[in-house]
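Structure record follows, encoded as structure tokens.
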Amino acid sequence: MKLIGAILCLAAIVPLSAAQRGEHSQKLELPQELKDAMERAKSIRFSGRRTVTVVRAGKIETHTEYVTKDGGNLRIEFAKDSPYVGQIIVETQEGRRHYFPDRNEIRVYPSIGKRQFEAFRGLFRSSRGGTLHIDTAPGGQIAGLHVTRYQVADRNNNPVAQIFIEPHSGMVAKRVLFDPTGAIAGSYEFTSLTLNPRLAPGSFMIMRKGAKTVLPIDELRKQVSQLGMSAYTLKPASGYQLESVYTRDIKGSKVVVQNLGKEDSRLTLFMTKSSLNPADLRRAERGELSSYVWTFNGITFILIGDQPEERLRALASQVSE
């Protein structure tokens, strides 16, 4: 479940942490042709096949996806040899729905399409504590398209990202992210593409009679009940929406993890009844993010995110059942 979420974000554009964006970021001046291509990408229609690679703890995981997109609507299916075969993800402005055939469940999440586009633009802002620059070069052919390669690098020319775009349509045919050591952290590349295809009616709907619909709050209630806790989360008035919930084992302790987001920000809320050191929870999140720790009713909470500690403290007061 966590990997699928990571894959979906990677397949669009991975949201960046404050450390990756730079807390006090300076915008990079983009080539005009890239600005134009990014605008065209908002309304692009295509269908295609791509290879997605995610590197986690040094382990490379690769699978094939079939992708259909029409403006803000997205559909992802998985190849027969994929461990996710049969699953379907559909994203529209109304939300994201993920069908799991083995459980006959449809998981419903908030739409993340707009935030993904903001994160795309965030790739071109200051990162890793320094000024970025961007180099442009011919990118050859990818899936039959002549593409331009844009490489984002830091002031020491360490690569941050490579993006291969067909400039007339704005199609992102390939994208590679690098970790701070210069190793590839994740990528996707289309192997076949059709621009402006005819799409079947209902392409961006999931209708499965008898399937159980599961909301993030439903999953939260299930996870906390198993650990004898109440379903604490951020109030809707905070502006953040609950996106996903899962349980992690950290140093032998069960911890409920909530991912929350809005257009320009992401937070992670940890909850545990154990005596786990908050520092261990902080280390569970990558990046130089701020955090705020408190206890209530025998539960230790830690809120981690791309906001200053004072803001996290204020948000903590909005965590309730």
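The values are calculated or read from the model by the stated rules, or taken from the named source; none is laboratory data. A quick note: this is a predicted structure, and the numbers were derived from the prediction, not measured. In this analysis, Cβ positions are derived from the backbone assuming ideal geometry, glycine residues included, and neighbour counts consider all displayed protein chains.
Which of the strands (runs of 3 or more DSSP E) contained wholly in the stretch 169-278 include at least 2 residues that are surrounded by 14 or more Cβ atoms within 10 Å (Cβ to Cβ)?
171-178, 184-195, 241-250, 253-262, 265-272
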Suppose we filter Arg50, Arg75, Arg40 for residues that are of a type outside the set (A, V, I, L, M, F, W, C) and surrounded by fewer than 18 Cβ atoms within 10 Å (Cβ to Cβ); which single one remains?
Arg40
Write out, first by first residue and then by second, each pair whose Cβ atoms fall under 6 Å of each other, whose residues are 6+ apart or on separate chains, and whose first residue, in the stretch 239-262, is under 15 Å from Met229 (Cβ atoms) while the second is surrounded by fewer than 19 Cβ atoms within 10 Å (Cβ to Cβ) and among the aromatic types (Phe, Trp, Tyr).
Val257/Tyr246
Criterion violated by Ala237 - all others in (1) farther than 23 Å from Ala314 by Cα; (2) over 21 Å from the mean Cα position of the chain (by Cα) satisfied
(1)
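Could you list all residues from the stretch 214-259 that are hydrophobic (A, V, I, L, M, F, W, C) and in contact with a Pro (Cβ under 7 Å, 6 or more places away or on another chain)? Lay out the reasoning, then the answer.
First, pick out the residues of the stretch 214-259 that are hydrophobic (A, V, I, L, M, F, W, C): 214-215, 217, 220, 224, 227, 229, 231, 234, 237, 242, 245, 250, 255-257.
Result: Leu242, Val245.
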Of the conditions (1) assigned to a loop (DSSP other than H, G, I, E, B); (2) modelled with pLDDT of 95 or more; (3) not hydroxyl-bearing (Ser, Thr, Tyr), Pro83 clears all except one; give me its number.
(2)
Candidates Ser17, Ser25 - the one that is buried (at least 16 other Cβ atoms within 10 Å of the Cβ), among the polar types (S, T, N, Q), modelled with pLDDT under 95 and over 14 Å from the mean Cα position of the chain (by Cα)
Ser25
For the stretch 146-159, give me each residue that is surrounded by 20 or more Cβ atoms within 10 Å (Cβ to Cβ) and either among the polar types (S, T, N, Q) or touching a residue at least 40 places away in the same chain (Cβ under 8 Å) (or both).
Tyr150, Val152
Surrounded by fewer than 17 Cβ atoms within 10 Å (Cβ to Cβ), among the aromatic types (Phe, Trp, Tyr), touching a Phe, Trp or Tyr at 6+ places or on another chain (Cβ under 8 Å) and outside the structural domain of Ser244 (by TED's automatic domain parsing), is that true of Tyr84?
no
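Against the condition more than 30 Å from Asn297 (Cα to Cα), touching a strand residue (DSSP E or B) at 6+ places or on another chain (Cβ under 8 Å) and in the same structural domain as Gly95 (by TED's automatic domain parsing), how does Thr191 come out, does it pass?
Values: more than 30 Å from Asn297 (Cα to Cα): yes; touching a strand residue (DSSP E or B) at 6+ places or on another chain (Cβ under 8 Å): yes; in the same structural domain as Gly95 (by TED's automatic domain parsing): yes.
Judged against the criteria, Thr191 is a match.
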Give the number of residues within the stretch 221-257 that are more than 19 Å from Gly95 (Cβ to Cβ) and either touching a Cys at 6+ places or on another chain (Cβ under 8 Å) or among the β-branched types (Val, Ile, Thr) (or both).
6
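Looking at Ser253, is it touching a Ser or Thr at 6+ places or on another chain (Cβ under 6 Å), farther than 18 Å from Ser47 by Cβ and assigned by TED's automatic domain parsing to the domain that holds His63?
no
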